[in-house]
2 protein chains.
Amino acid sequence: MTFSEENYLKTIYHLMAVSDAGISTNAIAEKMETKASSVTDMLKKLAEKELVNYVKYQGVSLTEKGQLAAKMIVRKHRLWETFLVEKLDFSWDEVHDLAEQLEHIKSEKLINKLDDFLGNPTEDPHGDAIPDANGRITKIEKQLLSEMDKNRVGICVGVKDTSSDFLKYLDKQEIALGSHIEIIEKESFDSSFRIRVETKEITISHKIASNLYIK
Amino acid sequence: MTFSEENYLKTIYHLMAVSDAGISTNAIAEKMETKASSVTDMLKKLAEKELVNYVKYQGVSLTEKGQLAAKMIVRKHRLWETFLVEKLDFSWDEVHDLAEQLEHIKSEKLINKLDDFLGNPTEDPHGDAIPDANGRITKIEKQLLSEMDKNRVGICVGVKDTSSDFLKYLDKQEIALGSHIEIIEKESFDSSFRIRVETKEITISHKIASNLYIK
DNA sequence: AAATTGTTTTAGACTAGACTAAAAAATATT
DNA sequence: AATATTTTTTAGTCTAGTCTAAAACAATTT
């Protein structure tokens with residue numbers, strides 16, 4: 001499988017996680033910052049290889065085979081991210097682009113050894129689940145902070161947006177995975193939140209709250 | 001720089017280490033298992049980028065810029081090999097192909113952090129020197145076992161041939177980097193060697209002896 | 001020095017993956 | 001239901017890197 005094929009599979013996989021319906025050509029094109037015509041070409045190729053179900057004008061979905069392949073790419077991506085943060089001391093906002101490269105290294109043995117080396121983690125540094133060698137995923141029950149009620153408490157277990165900007169903002173506010181969070185007040189006017197992070201009280205916007213997962 | 005460009009640079013670098021004369025198109029083609037015409041095309045491209053000195057029909061050599069680029073690729077290759085053996089517990093005959101992939105990951109920061117993580121090694125698992133971040137190489141004074149006299153003793157510090165077959169042979173004979181070697185006898189008829197490896201006495205062919213570096 | 005042999009380059013073709021522009025199909029609007 | 005708009009596909013072009021076959025050059029032999 002080529003780099004490009006792998007990137008398409010991964011993108012379709014991520015889009016399918018959001019909406020189960022057939023994924024549109026345009027949605028893929030937008031996410032990959034490419035043109036719809038390029039997507040169509042690739043979809044034909046992937047369909048030829050039985051990695052996607054593709055019917056002209058009706059979008060695609062992954063086949064079983066495609067889904068497994070995609071999960072293996074996600075597995076690699078998240079294991080490498082974990083390696084970079086845990087072992088090489090990168091910060092969580094730096095690792096995405098590197099993992100985008102590393103996820104294409106071809107070797108099952110390597111990734112399984114890396115998995116062992118890291119102690120078979122089930123989550124990456126952003127709180128996302130790492131599929132195991134068989135593609136199985138340990139679901140984490142989590143909730144968006146924005147959907148929680150006043151006075152609820154919990155632990156920050158993940159982020160929805162993983163953009164560098166957002167992650168840097170969290171660092172600045174000293175919000176990290178594992179941080180203890182308590183909802184002190186919800187401001188109905190602008191939907192902002194007054195929360196306590198460990199011992200510190202801060203105000204965060206609705207946008208921030210809707211990108212933080214709490215358990 | 002593309003993968004392909006990097007592979008050409010690396011190949012030229014390795015060939016230059018053997019003979020300082022201009023490297024021939026054919027030599028490159030053979031080493032890379034490609035055709036001479038493909039090599040010519042690429043040499044033009046590399047010359048355009050001022051990575052090689054190329055004059056039609058007269059072979060190539062690396063420019064300063066090309067040499068540094070090549071060293072950085074070798075640096076990455078050897079650091080990844082070291083990582084695979086030291087941290088992930090691969091054997092020394094398994095790591096080459098993987099490192100061929102990993103050496104193309106683009107990030108200075110990553111490779112420097114990896115270097116630190118490994119404790120800034122100066123040699124890889126085959127005893128080859130690892131260039132530092134500036135391209136500087138710590139020369140190891142070493143000698144081919146085949147060029148040493150009777151009764152000399154030393155430590156195995158490297159291998160010339162790094163093929164999987166050869167390395168597996170060494171494992172079988174329990175010859176490793178750091179092994180204590182003593183030359184007991186040189187057989188003039190077939191140039192074979194009777195040597196002691198640690199406490200064990202064995203006979204090795206001239207071919208084996210001429211691929212082992214001793215200090 | 002001419003002829004033969006071997007090496008290197010050129011010319012032209014191919015593939016993967018991307019693109020633009022135009023055509024076709026699907027969806028939305030009146 | 002007919003039209004307008006949007007989405008998707010097709011057709012054709014481009015680039016990087018490879019290839020084959022033929023031509024040009026270099027080296028060797030006679």
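Of the residues B:V159, B:V197, the single one that is crowded, with 17+ Cβ neighbours inside 10 Å and under 30 Å from B:F3 (Cα atoms) is B:V159. Of all residues in the stretch A:119-156, those that are crowded, with 17+ Cβ neighbours inside 10 Å and assigned to a loop (DSSP other than H, G, I, E, B) total 9.
Among the numbered conditions (1) more than 30 Å from A:F193 (Cβ to Cβ); (2) within 18 Å of the chain's Cα centre (by Cα), the only one that A:L110 does not meet is (2). Do we have A:K87 as more than 16 Å from DNA strand D (Cβ to nearest atom), within 30 Å of A:D165 (Cα to Cα) and more than 19 Å from the chain's Cα centre (by Cα) here? Answer is yes for this residue. Just so you know, in the stretch A:3-34 the residues that are modelled with pLDDT of 95 or more and among the charged types (D, E, K, R) include one that is nearest to DNA strand D (Cβ to nearest atom), and it is A:E30. For A:E86, indicate whether it is outside the structural domain of A:M42 (by TED's automatic domain parsing), surrounded by fewer than 17 Cβ atoms within 10 Å (Cβ to Cβ) and closer than 16 Å to A:D115 by Cβ. So A:E86 passes the test. Determine if the stretch A:105-115 includes at least one residue that is within 16 Å of DNA strand C (Cβ to nearest atom) and in contact with a helix residue (DSSP H, G or I) (Cβ under 7 Å, 6 or more places away or on another chain). Scanning the stretch A:105-115 turns up at least one residue that is within 16 Å of DNA strand C (Cβ to nearest atom) and in contact with a helix residue (DSSP H, G or I) (Cβ under 7 Å, 6 or more places away or on another chain).
Checking each residue in the stretch A:8-18 for being surrounded by fewer than 18 Cβ atoms within 10 Å (Cβ to Cβ) and either in contact with a helix residue (DSSP H, G or I) (Cβ under 8 Å, 6 or more places away or on another chain) or among the polar types (S, T, N, Q) (or both) picks out only A:H14. For the stretch B:174-196, the tally of residues that are assigned to a strand (DSSP E or B) and closer than 16 Å to B:K150 by Cβ stands at 10. Meeting the requirement of 2 or more residues that are within 12 Å of DNA strand C (Cβ to nearest atom), the helices (runs of 4 or more DSSP H) wholly within the stretch B:1-96 are B:25-32, B:36-48. Being assigned by TED's automatic domain parsing to the domain that holds A:V95 and in contact (Cβ under 8 Å) with a residue 60 or more places away in the chain is the requirement here; does A:P125 meet it? No, not satisfied. Within the stretch B:156-190, the set of residues being among the small types (G, A, S) and over 25 Å from the mean Cα position of the chain (by Cα) comprises B:S188 only.
The values are calculated or read from the model by the stated rules, or taken from the named source; none is laboratory data. On a predicted model such as this, the values are computed, not experimentally measured, just so you know. A quick note on method: Cβ atoms are made from the backbone with ideal geometry, for glycine too, and the neighbour counts reach across all protein chains shown.
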